[in-house]
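The values are calculated or read from the model by the stated rules, or taken from the named source; none is laboratory data. Computed from a predicted structure; not experimentally measured. Glycine also receives a Cβ, built like all others from the backbone with ideal geometry; neighbour counts cover every protein chain displayed. For the accessible areas, the whole protein counts, side chains as well, though only heavy atoms, and no ligand, DNA or RNA atoms are used. Shrake-Rupley method; radii C 1.70, N 1.55, O 1.52, S 1.80 Å.
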Amino acid sequence: MASWLADDSSVLARTLRRIHEREPKYGSKLENELARRDYAFFERAERFLTRFEGFLAGQGKPLDHGIDCHLKLYSAMVEERKDFLRSGRYASSSFAEVEQRVYANPEIMEYYMYGLVFSQFLWKEQYARLEFFCNGLPLYRPQIDSYLELGGGHAMYISSAADILRPNTHFELIDISATSIDVARAMSPDGRIQYHLCNVFDFPADRKYDFVVAGEILEHLEEPRKLLARIRDMLTPQGHAFISTPVNAATVDHIYLFNHAREIREMLNSEGFVIESEATRYAEDVPEVKAEKLKVPQMFAAFVRVDQPPAPSA
C-alpha cells in the first residue's frame, strides 16, 4: 500500500488525500482499511479511477469534483441511515417518486453516479462484490456468447466482463437514466457494447442472453419479483445470471427493504433460480450477531441459473 499512496501520480493516493483534507475521520478510516488490500486491488482501482479522471477532464472538471461528489453521497447516506434506524423503513416507497426525484434529475444523478465510482473501491462491501464477480465470471466464459447488463451505471462490471469474456462475445447494456448511459459510454473503452436508454420492462421480450447481470437493482423496485421473472425469461435455456442486492442499506433511491440475506435467497429460489455460488459482506467489521442487531448494511451477490424442471419420464 505504501508505494501506491506515496506516488503523487496515483489517482487513488490523490483521492485519499482529498478525502482526508475534507473529512479527516472518514479519511483515516479508509486508509486503515486500504492498508489490508492486496496488489490486485490497487491495480484494479488505479486503472478504473484513472479512466474516471480522464472522463471528468473531458467534462471540464477536475478529479476533486468527483471526490466531492463522493463525499456528498457519503454524507447523504449517513443521514439516510439515521432516518432508517429511527423508522425501520426506507424513505422512498415508490419507483415513480424516485424516478422523478432522482433518475430524471441530472444534477442529483451526477453527484450520485460520480460518488458511486469511488465507493466501488473505498467501501469494503462494494469492492467485495466486484471482486466476487471478477473472480467468478471466468468459470462461465466458455458458455457465454451474449451478455446483457441491467442498470450498468458507471460500466465497471460490463468493462470488467469485456476484459474477461471471449473477444466475440456480444454485449448490451440497459439503463433508465440518460446520465448513467452517458457515464457508461465514456467509461467503457470497448466498442462492442450496445447501449439502450429504456426500462427493462419495455425491452423486447423475445431477446435471449447467455448471461444477465442485475447488480444492485432489486432494491430499487416496488416489486423485485417482477424483475426476477423478467430476467428468467431473458435467459437462454442454459443461461446464467449475476444478481446482487443489499440488506439494510438506506440510500436516496432504495425502495424495497431486505432485512436479512435469507430473504433474498428465498426470493431467488421461489422465482425459479438455483444459487450456484454466493458472497456476503457487511459494511463494518463486527461479529454477525452484532451486525444483525445493529442492522449493519450487508452486500449479497450470487451467480444463479434457472432451475430446470425434471425431464418427463418415458
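Please go through region 84-93 and pick out each residue that is open to solvent by 30 Å² or more (accessible area, probe 1.4 Å) and within 14 Å of D253 (Cα to Cα). First the steps, then the outcome.
As a first pass, look at region 84-93 and keep what is open to solvent by 30 Å² or more (accessible area, probe 1.4 Å): 85-89, 91, 93.
Within region 84-93, R89, A91, S93 qualify.
Among residues that are within 20 Å of G115 (Cβ to Cβ), open to solvent by 40 Å² or more (accessible area, probe 1.4 Å), free of Cβ contacts under 8 Å to residues at least 40 places away in the same chain and in a helix (DSSP H, G or I), H65 is not included. Within region 74-82, identify whether any single residue is open to solvent by 20 Å² or more (accessible area, probe 1.4 Å), of a type in the set (D, E, K, R) and in a loop (DSSP other than H, G, I, E, B), and answer yes or no. No, there is no match, as no residue in region 74-82 is open to solvent by 20 Å² or more (accessible area, probe 1.4 Å), of a type in the set (D, E, K, R) and in a loop (DSSP other than H, G, I, E, B).
For region 260-284, the set of residues classified as open to solvent by 50 Å² or more (accessible area, probe 1.4 Å) and either within 17 Å of the chain's Cα centre (by Cα) or modelled with pLDDT under 95 (or both) consists of E278, T280, R281, E284, listed by residue number.
Here is the figure for region 23-46: residues that are surrounded by fewer than 13 Cβ atoms within 10 Å (Cβ to Cβ) and modelled with pLDDT of 90 or more total 7. Among the residues of region 199-243, just one is touching a strand residue (DSSP E or B) at 6+ places or on another chain (Cβ under 9 Å), under 16 Å from Y103 (Cβ atoms) and open to solvent by 40 Å² or more (accessible area, probe 1.4 Å), namely N199. Taking the condition assigned to a helix (DSSP H, G or I), open to solvent by less than 20 Å² (accessible area, probe 1.4 Å) and over 22 Å from I231 (Cα atoms), does G115 pass? So G115 fits the description; yes. Of all residue pairs spaced 6 or more apart or on separate chains, those with beta-carbon atoms under 7 Å, a first member in region 23-37 that is basic (K, R) and a second member that is part of a loop (DSSP other than H, G, I, E, B) are R37/M1.
At positive phi, surrounded by 22 or more Cβ atoms within 10 Å (Cβ to Cβ) and under 15 Å from the mean Cα position of the chain (by Cα): does that describe A155? Against the criterion (at positive phi, surrounded by 22 or more Cβ atoms within 10 Å (Cβ to Cβ) and under 15 Å from the mean Cα position of the chain (by Cα)), A155 qualifies. The residues on offer are F118, F84, and the sole one that is out of contact with any His (no Cβ under 6 Å at 6 or more places or on another chain) and modelled with pLDDT of 90 or more is F84. V252 falls short on exactly one of the conditions (1) open to solvent by less than 80 Å² (accessible area, probe 1.4 Å); (2) modelled with pLDDT of 95 or more, and that condition is (2). Among the residues making up region 127-150, those that are closer than 30 Å to I19 by Cβ, surrounded by fewer than 20 Cβ atoms within 10 Å (Cβ to Cβ) and in contact with a helix residue (DSSP H, G or I) (Cβ under 9 Å, 6 or more places away or on another chain) are E131, C134.
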